[in-house]
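Asker: Take this structure first; my questions come after.
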Amino acid sequence: MRLPAAAILIATALAQPLHAGAKKEPLPAIRLHGEGSATDGGSFGSEIQLTNPPKKIFMRKVPVVNERDFKAFYPFPGHDGLSGAYFQLDAHGANKLHQFTVEDRGRLAVVLVNGRVAAALKVDAPVKDGILMVPGGIAPEEILQLQKHLPVIGAPKEGKKPRKKPKPAGE
């Protein structure tokens, strides 16, 4: 039995998933870069303009940590009217952050969010707890994207009911 061409087209369309064109929103690109030097060359660093403090610096192109190193996060109102966040890193990311903060003490670190400068931080002490703090520069829609991909630190897990307090024995 031969099917009409219209029936074949309908059957083909139904066989494809309904969400084929609706891809999951990607995780925002949040990357921590270390300060480089002008002698590093164009393939290892690039010059960027900071607004606070207002100056030009060389930034290393290879990030120290990125969004693939994140396990969880905690958003908060940022210093710039946007949001900031604490990012809990996995073991690999925590090790890289600790090593970076030991080796680059006294230098600047730059946080890029989707390619724009969100914050410039001075490395003043080793980070041993695996928490990267971004003081601001994260837009509300980026926080919503993060919430779709990462658990919020301290929030109850989905599907779990909060524990009830036991009743005292006399009741």
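Read the figures in this text as sums done on the coordinates, not as results from a lab. This one's a predicted model, so the numbers in the text were calculated from it and none came from an experiment. Cβ coordinates were reconstructed from backbone atoms using ideal geometry, including for glycine residues, and neighbour counts include every protein chain displayed.
Asker: Checking the table LYS71/LYS157; LYS128/LYS157; LYS55/LYS96; LYS61/LYS128; LYS61/LYS96; LYS96/LYS157 against a 18 Å threshold on Cα-Cα, which pairs fail? Don't jump to the answer; show the numbers that get you there.
Answerer: Values: LYS71/LYS157 14 Å; LYS128/LYS157 26 Å; LYS55/LYS96 27 Å; LYS61/LYS128 24 Å; LYS61/LYS96 16 Å; LYS96/LYS157 28 Å.
From LYS71/LYS157; LYS128/LYS157; LYS55/LYS96; LYS61/LYS128; LYS61/LYS96; LYS96/LYS157, over 18 Å: LYS128/LYS157; LYS55/LYS96; LYS61/LYS128; LYS96/LYS157.
Asker: Starting from the 7 Å offset along Cα-to-Cβ, what nm value, one decimal, do you get for the label separation of PHE44 and GLU141?
Answerer: 3.8
Asker: May I ask for the distance between the Cα centers of region 33-64 and region 105-126, given as a whole number of Å?
Answerer: When both Cα centres are located, 10 Å separates them.
Asker: Kindly identify region 26-124 as rounded, prolate or oblate by the Cα gyration tensor criterion: order the square roots of the eigenvalues as a ≥ b ≥ c, call it rounded if a/c is under 1.5, otherwise compare a/b with b/c, prolate if a/b is larger, else oblate.
Answerer: Judged from the Cα gyration tensor, region 26-124 comes out oblate (a/c at least 1.5, b/c at or above a/b).
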